[in-house]
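S.K.: Structure provided below as structure tokens; questions to follow.
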Amino acid sequence: MNATLPTTDDLRAALAALLDGLPPKRAAQAVDRLIAHYRGTVPTDTPVLRDRSDVAAYAAYRMPATFEAVRSALDALRAAAPDWAPATHTDVGGGTGAAVWAVAGAWEGARSTVVDWAEPALALGRELAAASGAPALREAQWVRARIGTDPVPGPADLVTVSYVLNELTAPARAALVDDVARTAGAVVVVEPGTPDGYARVIEARDRLVAAGLTVAAPCPHSGACPIEPGTDWCHFSARVSRSSLHRRIKGGSLPYEDEKFAYVAATRFPVTPAAARVTRRPQIRKGQVLLELCTREEGLRRETVTKRHGELYRAARDAGWGDAWPPPHDPDQEPEGP
């Protein structure tokens with residue numbers, strides 16, 4: 001990543017400066033309500049972020065986690081299409097703009113538009129972007145629209161839809177995904193890493209594929225998900241550092257938390273998906289590594305990599321949950337039989 005592009009630390013610095021003096025008790029109450037909605041299953045027909053207190057609490061507590069989840073999804077898209085870069089980007093339901101920060105950190109020069117129905121969120125997002133010092137963020141456009149009802153501004157090379165579908169009714173979700181599928185070169189959908197979040201991602205994935213897009217990540221193919229409905233769900237994890245502001249609002253002694261998320265990235269241009277994806281945290285045992293994989297040809301399978309596989313074994317020990325497999329630096333290398 002270019003050192004001049006915005007990073008997690010830049011986002012935290014902007015949040016700390018903008019939210020200096022935020023009353024922790026009031027913010028904690030707002031966070032509790034937002035978390036209850038975030039974990040809930042009942043859609044709403046009104047903006048979740050109602051006023052500046054809600055927005056400030058959301059930004060302090062959720063924005064870094066959303067940034068890391070979206071950044072992980074964008075990294076997987078970049079790996080599948082290393083020579084592609086978006087010139088235009090629309091963030092649907094972007095709120096305070098976490099996805100815009102992630103896009104600005106992934107590609108230089110993308111012109112972003114944030115669309116949301118909560119004016120307080122747009123206002124605070126605009127302030128954060130202005131304080132960032134990054135030209136792509138300062139030049140972003142912030143547009144108020146009713147998500148799931150008003151048409152998405154377009155076309156755009158890249159559309160991100162992160163942590164939005166759970167706020168919509170089923171018909172509104174379908175209309176939104178169909179709308180962005182018609183107008184985008186690439187679509188990235190991110191939802192909470194829960195069974196319900198995964199179900200919404202699969203629903204969106206199916207609609208994107210039906211509209212003619214190709215899955216770039218995390219799946220190694222555009223066919224049906226091999227997970228039997230109701231038995232499991234596909235999700236991933238991103239490490240999020242907790243700021244002092246974050247700890248004041250929600251407590252917790254650890255300096256980090258793990259954000260669980262589900263996602264799909266799909267495109268209208270050629271991509272090279274991973275041959276397989278690590279779908280669980282690798283199990284490292286004496287002399288061997290057990291990898292749970294989703295593969296292009298065989299669906300879900302477990303692969304055991306042992307010391308006698310040499311370089312591949314060392315790569316397996318370094319592999320992380322959500323990584324492509326085999327390692328990108330040697331895509332044709334396969335382990336020998338057991």
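The values are calculated or read from the model by the stated rules, or taken from the named source; none is laboratory data. These numbers were taken from a predicted model, which means no experiment stands behind them. Don't worry about glycine lacking a Cβ; one is built from the backbone with ideal geometry, like all the others, and counts go over all protein chains shown. Note: areas computed on protein heavy atoms with side chains; ligands, DNA, RNA excluded. Shrake-Rupley method; radii C 1.70, N 1.55, O 1.52, S 1.80 Å.
S.K.: Report the local net charge at Arg144: Lys and Arg +1, Asp and Glu -1, summed over other residues whose C-beta lies under 10 Å from its C-beta.
M.R.: -2
S.K.: Net charge near Ala110, counting Lys/Arg +1 and Asp/Glu -1 over other residues with Cβ under 12 Å of its Cβ? Walk me through the intermediate numbers first.
M.R.: On the way: positive: Arg111; negative: Asp91, Glu108, Glu139, Asp157.
That sum, taken over residues with Cβ under 12 Å, equals -3.
S.K.: How many Å² of accessible area per residue for the range 138-239, probe 1.4 Å? Please list the in-between numbers first.
M.R.: Values: 4160 Å² over 102 residues.
Computed with neighbouring chains in place, this is 41 Å² per residue.
S.K.: For Tyr163, enumerate residues with amide H under 5 Å from its amide H, sequence gap 5+ or separate chain, H modeled in the peptide plane.
M.R.: It is Val190, Glu191, by chain and number.
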